[in-house]
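Student: Before we start, here is the structure in question, set down as structure tokens.
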Amino acid sequence: MHDLSAVLRRLGRDYAYVLTGLPIAVFSFSLLLSLLLTSVATLVVWVGALLLPLTLVVATGFAEVSRARLRRWGRDPGPLSYRRAGHGLLGRLNVVTDPRRWLDLVFEMLIALPMRLLTWVVAVVWSVLGVGGVSYFLWSLFLPDEEGLVIQLLRIIMPSAVPAGETWQYLLDAGLMLILGIGVLAAAPLVIHGLAQADALLTGVLLSAGSSAEDQPPPSPPPSSKHHVPRSFSGRAWSRIGSGFAAVVLLAVGWPVIASVYGVGVALSMVVVAAHCAAILITLRWTWTGLVISLAASGATVLATAESAVPVWPWPVTTMITQSAVLIVAALARPWYYSAAAWAAGASITVAALLTAAPTMPDGALATAIVFVSVSASVVLIGALVRVWIRNAGQLEEAARTSEEQGRRRHELEERNRIARELHDVVAHSMSVISVQAATAQYRNPDIDEAARREFNEIAESSRQALSEMRMLLTIMRDGEEAPTAPEPGLEDIGTLIESSRSSGTDIRYTPDDALADLDVSSSTGLITYRTVQEALSNALRHAPGAVIEVAVDAEQEAGRSQLRIAVLNSAPPQQVAEPAPGAGFGLEGLRERAEAVGGTVEAAPTDDGGFAVRATLPV
């Protein structure tokens, strides 16, 4: 039953993702196309120069909607940053130079609509087919034709299988449609999930911050700032869009040219041209494989067109352009020797073809060969130089970002050191004085009784512990990283904490939960639990002296997961007590931050009887 509910929940999430995509894509396509055409048309009067940045900003807004839909579906594309617009009119125009925004425009205006139209149509047709098949026995009675759909189909395919009576025909027709409908509905979770996966895959690739390892500059020390976000430019996304567009166009043009102009069979020309165009995309991911496929397809084209007697041989124009596209992809994606090796292999194929066909070589074959060798060499050289320029630009950008990050980090460390000095000079000094005075009180005042001695010893021990923790905190603040410290308190230390707090005379009621001993709690969760009880007790002692305090730390199961529930409640303080000590509220705020860091919650609010309650829930 649980598995069925999980399947239905996923099916509903997939349906919501697929069906809502088309209306958004239609709206974004129409709006962005109108804005872009208006921008281009009014560019000569400078109105377009102001409207074009607005178009890119709107495209980014639609891209953020797509990313939000992707996150809600269950796949996080990761954080992104865009180039900031500067001050003034010229600064606002910097938006036009951000390639990330142009990629958003291309995706939302050209790619999202056909992709989501296809997934939407398939999802709707599949759903209608399943529901219609299951309910066919009912609505088929109202069809104008006397015979059902299955019976009509059987009369065309196998007339002998049609039953004689109308009743049997209806039962056969409705039964087969029912089986078909059940099968379609049973496969609906897989089909709809596959459609959602296809949409999410393409959206994630083109709108995420990821880029291949080849696109990145040499590694640098990772920034420690939590404000760091990835670069906005995604070379992988742009390369896939450009390569896919080039492959589709060259396939649409090259196939008819090879088949009609060179007289190659339609099927053979289709296979050869398709393999050559596919090599453009394959070279992006598997460079050597793509280059081998492209050379094999080129050689097959040379052989297939050898008997055509067309002057443009051994390299037809479309084949030459396709091979150049493969070479430039290899030159941009990989080091220069990849594309150089492929160029040398292509030149070898050219020379071999000329030598083989020398007696009956077409008149323009030599010129075509020279053009191909020179053009492809230029493509390889330009691609290699562009790759070097891109890598150098990326290194400069990374160096500037690292310098800025180091400057900001240095400023943070200076501020942390200043705060650490203040804590050391004021708080740590005061705690040291308290510790010394409490430890020497029994020697300076020999007349005090045993109860007072124990009280002073408790104060000295608490102050020494607080001073030790203060020193560790100062070390961390000065170093900016976690320094080796003594073992931090956890669940097992809560009893000791409550006993030391009881020494102040406060009535604290606490019963340990035996289930905690068998619970595998991480050190961070144990520390947060300890700090929560510590801060809540401190607040109760400071703001409600004399009140009764109840502490509870329990383990429970919820939705199959273990979690800790902490509750510290104090009753209303006696009316005759003096005004409670003031507090800044930073302790409770710190508890909330600690709990949220591990996925927990903290609530603090007055109770109906005039007391105060602190409740926390922490995952184990």
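Student: Restricting to the stretch 34-61, give me the number of residues that are assigned to a helix (DSSP H, G or I) and either in contact (Cβ under 8 Å) with a residue 40 or more places away in the chain or open to solvent by 70 Å² or more (accessible area, probe 1.4 Å) (or both).
Tutor: The total comes to 18.
Student: Looking for something in contact (Cβ under 8 Å) with a residue 60 or more places away in the chain, assigned to a helix (DSSP H, G or I) and small (Gly, Ala, Ser) - is there at least one such residue anywhere in the stretch 23-33?
Tutor: Checked the stretch 23-33: at least one residue is in contact (Cβ under 8 Å) with a residue 60 or more places away in the chain, assigned to a helix (DSSP H, G or I) and small (Gly, Ala, Ser).
Student: How many residues are more than 30 Å from residue 314 (Cα to Cα) and either free of Cβ contacts under 8 Å to residues at least 24 places away in the same chain or outside any helix (DSSP H, G or I) (or both) when one looks only at the stretch 365-398?
Tutor: 5
Student: Let me ask something additional. Can you name the condition, by its number, that residue 216 falls short on among (1) of a type in the set (S, T, N, Q); (2) at pLDDT 70 or above; (3) closer than 30 Å to residue 99 by Cα?
Tutor: Result: residue 216 passes all but (2).
Student: May I pose another question? Restricting to the stretch 496-515, what's the tally of residues that are assigned to a helix (DSSP H, G or I), of a type outside the set (Lys, Arg) and open to solvent by 30 Å² or more (accessible area, probe 1.4 Å)? Break it down into steps so the answer makes sense when it comes.
Tutor: Taking the stretch 496-515 first, the residues assigned to a helix (DSSP H, G or I) are 496-502, 514-515.
Within this subset, residues satisfying the condition of being of a type outside the set (Lys, Arg) are 496-501, 514-515.
Applying the additional criterion that residues be open to solvent by 30 Å² or more (accessible area, probe 1.4 Å) yields 496, 499-500, 514-515.
Within the stretch 496-515, residues that are assigned to a helix (DSSP H, G or I), of a type outside the set (Lys, Arg) and open to solvent by 30 Å² or more (accessible area, probe 1.4 Å) number 5.
Student: A further question on this structure: The conditions are (1) β-branched (Val, Ile, Thr); (2) at pLDDT below 85; (3) within 21 Å of residue 292 (Cβ to Cβ), and residue 379 fails exactly one of them. Which is it?
Tutor: Among (1) β-branched (Val, Ile, Thr); (2) at pLDDT below 85; (3) within 21 Å of residue 292 (Cβ to Cβ), residue 379 violates only (2).
Student: Something else: Evaluate the stretch 306-316: report whether one residue or more is at pLDDT 90 or above, of a type in the set (A, V, I, L, M) and either out of contact with any strand residue (DSSP E or B) (no Cβ under 8 Å at 6 or more places or on another chain) or under 22 Å from residue 370 (Cβ atoms) (or both).
Tutor: no
Student: I'd like the residue in the stretch 600-620 that is of a type in the set (S, T, N, Q) and within 18 Å of residue 555 (Cβ to Cβ) and, out of all such residues, is nearest to the chain's Cα centre (by Cα).
Tutor: Going residue by residue through the stretch 600-620, those that are of a type in the set (S, T, N, Q) are 601, 607, 617.
Okay, now just the ones that are also within 18 Å of residue 555 (Cβ to Cβ), so 601, 617.
Details: 601: 25, 617: 28 Å.
Top of the filtered list is 601.
The values are calculated or read from the model by the stated rules, or taken from the named source; none is laboratory data. Everything quoted here is computed from the prediction, not taken from an experiment. Cβ sites come from the backbone with ideal geometry, for glycine too, and all protein chains shown count toward neighbours. The accessibility values were calculated without ligands, DNA or RNA, using every heavy atom of the protein model including side chains. Shrake-Rupley method; radii C 1.70, N 1.55, O 1.52, S 1.80 Å.
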